[in-house]
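Trainee: Take this structure, written in structure tokens, and hold onto it; I'll ask about it next.
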């Protein structure tokens, strides 16, 4: 009787396989899917590449308080502060970050920097495709981390003169 | 005073009568919070943070203004007190902007700490905060009015401790505002004490603002490199592309002889070290032009050339000029290098006070010199010549506060109407140049001209009645005058002397024997058998003095000259062609007037970039620690050792390394920033560490302590960062030289010899003081 038992076991197993063929697909079609994330889906809370936010006037929110750098357990944030002047206004407060680097070789995406930020300047975006063959490319500069300027602000956005002249194209 | 017994939170406290409650609590480790109370300043009772419950008193009492009385029972930890403090913080925060992320004080702000300890996380106020624009009061003082909590510390420190009174209060009640004396800007000594004492970020420093944050820096406690007072200063340093950059000078370590005090130079004039025109590559003259070369090339060239000159023309044809700003170890090493390697006694430095005569006068007299700390406690002080307010800010501070807090009697004898006359019990203005006559009169002489006779007689009689008199004199008194002053000091019970010199280590240069006729510890050459035994060789004939070397250079007799951290061309107003026929090697920070005419220029590290010890003008020896770092420079110590090595000399004989007690292998034993490495201090003090490095200054300090008896101070205390008073009486006999050799620089509050010229802050402050008066604007 063992033959019948064996056949029934196989049929039971294959039954699951056949049943699954009629269920909807649950895997994501990354990287062949649609949209800028190529089919990858995220929870809102996903901690990806950092984004340095701007305020409603297009000025940087970061005031170079160094709290993110102090909170960072892997010591991957490097900041140099400078003072805003009437001619060159970068942030809303007196001080701004002249240099703001995040070393993604070290970053562990723990989100402590975001938690520490008193001005909600640093946030986690959903970017995750950071892999590279070049270690040096993993040190991201402020220009690469900054959010794009609010396009809807148009002429109302307060930009500093220097930046107006050399309008950079920033990565999305 | 009789002791009073009180109870604080159940603990028994015994303190002298008259003690303030807040201080009595501190003695048993109970911290009572306060903004407006500051030890040493007058009482304000403005902030109401120090409220405590005193039994049998109806309301809460301010601990900072309550004097303890017998049987007092005090509670500092009670719900009612917590409520009161919470409300006080809430009121303060009613208008205090919450811009902590931007504020310079963020991280070291007393209001932040208090809010954490006592404050509520929310406020009942819905009104908008009253914003006012930030004001710049001087190149170094900025005032952010909304941040001010009106504790009046700045006003009191400026008025009482500094006697400048440049800050005041306008309006009353909640409309009160701190205002500068000139309406919209300050006219003051720019000492920055107001910034240092401000519990919040209302007063901020122009040199440091918005640069970094307190926890981002390393804090290095070292000695100031400017005037001869030797204040302890804490430098905040951070990494930069050139090495380590100094971003702040302040006084967070209040353990030095200066306590709370720092002047404009100590606080801001570290910036010469960060100049971009610092020399960072050795320069060698080729075809009449100085060209950059590698260290190896430059040192080999200097070594070969000096060895060649020594074998051809002998040591007597070579000279060495030492510095007032290099460490004791470097000075000692330099004179040893001159005497042992170059085989010449032609070594001198720019003398700014007659320490040789001072040592001669005081030989064999124990405890005859006063330390910087003693000035603050002395019952009476006699000041002859000098203007401490300008030239020795710490001395002036100590005197002022001694008079204010301890009611000391101050006698000022000066040819100018110096500012300290305001604190003087007796001020005698004497004709310029008659200081020596006054010293002779004190020693028992008579007054030649009759004009001052009665005044001088009365002064002398009064001085003789004093006990524990501290006599400070400037470079006006030299040679024999110092001896007569000492004769007078012997007639006053417990009198001590202070000889005032200009620069950070002028005393150290003198103590370490950077003299043509004196060995370390003021030992005359003929008595130098101890040194000969230690070093193996010692030239017998006295060498040339600084003017002597210049004359020899003019008459082409000086074949080689090594100048370490000095600028004789500028200071002595020499013709640049003076050294045209000498092989001139200059070690300096900048391409100074002397360096510009040199054959080889070696870029040296400043005193903030090396380790060692400094001796201030009072004779207090202090540790100098490395704070900054400029890539490409080397300490004078290392340069001298390397030149000796290239001249074929056995370096182990010059620096006794390998036998001593320290391995400087760059390891840190977990010391936190700003804190002494306790393990290293202990090992060093026990003599347990191996010395493996020929560039280790402590190896030379071992030799100094062995050969200069006055420097046998507690190594443990010294290494832990405390100032230690050296003894002059245990040293050699000194010598009375030509008074004309003493050339004081007469630097003021805003100048500091060649380093001062390269300080941007000092220059801006000076320009600002000389600018035309701005139109007056109503303060509000």
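Trainee: Please work out whether region B:1-91 counts as rounded, prolate or oblate from its C-alpha gyration tensor, where a ≥ b ≥ c are the square roots of the eigenvalues and a/c under 1.5 means rounded, while otherwise a/b larger than b/c means prolate and anything else oblate? Provide the component values of the computation, followed by the final result.
Mentor: Details: a/c = 1.95, a/b = 1.34, b/c = 1.46.
Judged from the Cα gyration tensor, region B:1-91 comes out oblate (a/c at least 1.5, b/c at or above a/b).
Trainee: Still on this model: If you take the square roots of the eigenvalues of the alpha-carbon gyration tensor of region B:526-614 and sort them as a ≥ b ≥ c, do you get rounded (a/c under 1.5), prolate (a/b over b/c) or oblate?
Mentor: Numbers: a/c = 2.33, a/b = 1.21, b/c = 1.92.
Oblate is the answer for region B:526-614, as a/c is 1.5 or above yet b/c matches or exceeds a/b.
Trainee: So, one more: Which of B:290, B:283 comes first, and how do the rest follow, when ranked by fewest Cβ neighbours within 10 Å?
Mentor: Details: B:290 18, B:283 22.
Going from sparsest to densest Cβ surroundings: B:290, B:283.
Trainee: Rounding to the nearest 10 and keeping the result within 0 to 90°, find how far the Cα-based axis of helix B:636-646 lies from the longest principal axis of chain B.
Mentor: 20 degrees
Trainee: Going highest first, how would you order A:31-42, B:185-196 by mean Cβ packing within 10 Å?
Mentor: Values: A:31-42: 11.4, B:185-196: 23.6.
Per-residue mean Cβ counts within 10 Å order the peptides as B:185-196, A:31-42.
Trainee: I've got another one for you. At 0.36 nm per residue, minus the direct Cα-Cα distance, what do residue B:729 and residue B:541 gain on full extension? Give it in nm, one decimal, please.
Mentor: Values: separation 188, 0.36 × 188 = 67.68 nm, distance 2.54 nm.
Working it through step by step, the gained length comes to 65.1 nm.
Trainee: Could you work out the relative contact order of chain A? I mean the mean sequence separation of Cα pairs under 8 Å and 6+ apart, divided by the number of residues, in percent. Write out the running numbers ahead of the final one.
Mentor: Working: 243 pairs, mean separation 42.4, N = 172.
Reported as a whole number, the value is 25 percent.
Trainee: Could you sort B:327-336, A:7-16 so that the peptide with the highest average Cβ count within 10 Å comes first and the rest follow in order?
Mentor: Details: B:327-336: 28.8, A:7-16: 9.5.
Result, highest mean first: B:327-336, A:7-16.
Trainee: Mind running the shape call on chain B? Use the C-alpha gyration tensor, a ≥ b ≥ c as the square roots of the eigenvalues: rounded below 1.5 for a/c, prolate if a/b tops b/c, oblate otherwise. Don't jump to the answer; show the numbers that get you there.
Mentor: On the way: a/c = 1.83, a/b = 1.52, b/c = 1.21.
Since a/c reaches 1.5 and a/b is larger than b/c, the shape of chain B is classed as prolate.
Trainee: Please arrange B:96, A:50, A:124 by counting, for each residue, the other beta carbons lying within 10 Å of its beta carbon, fewest first. Mind showing how you got there, number by number?
Mentor: Values: B:96 21, A:50 25, A:124 16.
Lowest count first: A:124, B:96, A:50.
Trainee: Counting partner chain Cβ atoms within 10 Å of every residue's Cβ in A:62-69, what's the average?
Mentor: Numbers: counts 1, 5, 6, 8, 8, 6, 0, 3.
Average neighbour count from other chains, rounded to a whole number: 5.
Trainee: In terms of the ratio Rg/(2.2 N^0.38 Å) built on C-alpha atoms, what value belongs to the protein assembly as shown? Intermediate values should be presented prior to the final figure.
Mentor: On the way: Rg = 33.5 Å, N = 952, 2.2 N^0.38 = 29.8 Å.
Cα Rg divided by the expected 2.2 N^0.38 Å: 1.12.
Trainee: Per residue of A:89-97, what is the mean number of Cβ atoms on other protein chains within 10 angstrom of that residue's Cβ? All intermediate terms of the calculation are to be shown ahead of the outcome.
Mentor: Values: counts 0, 0, 1, 1, 5, 8, 8, 2, 0.
Other-chain Cβ atoms within 10 Å of each residue's Cβ, averaged: 3.
Trainee: With everything on Cα atoms, drop me the angle between helix B:453-465 and the longest principal axis of chain B, reported from 0 to 90° to the nearest 10.
Mentor: 80 degrees
Trainee: A further question on this structure: Determine, from the Cβ-Cβ distance of residue B:169 and residue B:491 and an R0 of 45 Å, the FRET efficiency 1/(1 + (r/R0)^6), rounded to the nearest 0.05.
Mentor: On the way: r = 49 Å, r/R0 = 1.08.
According to the calculation, E is roughly 0.40.
Trainee: Could you work out the mean count of beta carbons from other protein chains within 10 Å of each residue's beta carbon in B:94-103? The partial results should precede the final answer.
Mentor: Values: counts 0, 0, 0, 0, 1, 6, 3, 13, 13, 5.
Mean shielding by partner chains, rounded to a whole number: 4.
Trainee: For a quick check: sort A:133, A:18, B:355 by the number of other beta carbons within 10 angstrom, fewest at the front. The partial results should precede the final answer.
Mentor: Numbers: A:133 5, A:18 9, B:355 26.
The most exposed by this proxy come first: A:133, A:18, B:355.
Trainee: Roughly speaking, what is the centre-to-centre gap between region B:371-444 and region B:593-664 when only Cα atoms are used, to the nearest Å?
Mentor: Their Cα centres are 36 Å away from one another.
Trainee: Principal axes first, then extents: for the Cα atoms of chain A, list largest minus smallest coordinate on each axis, whole Å, largest first.
Mentor: Computed over chain A, the largest-to-smallest principal extents equal 92, 37, 31 Å.
Trainee: For region B:100-205, which semi-axes, largest first and in whole Å, follow from the square roots of 5 times the eigenvalues of its Cα gyration tensor? Present the calculation step by step, with values, prior to reporting the outcome.
Mentor: On the way: eigenvalues 121, 49, 35 Å².
The answer is 25, 16, 13 Å, longest axis first.
Quick note: the coordinates plus some simple rules give every number you see, no bench work behind them. All values derive from a computational prediction rather than experimental measurement. All Cβ positions, even for glycine, are placed from backbone atoms using ideal geometry, and neighbour counts span all protein chains on display.
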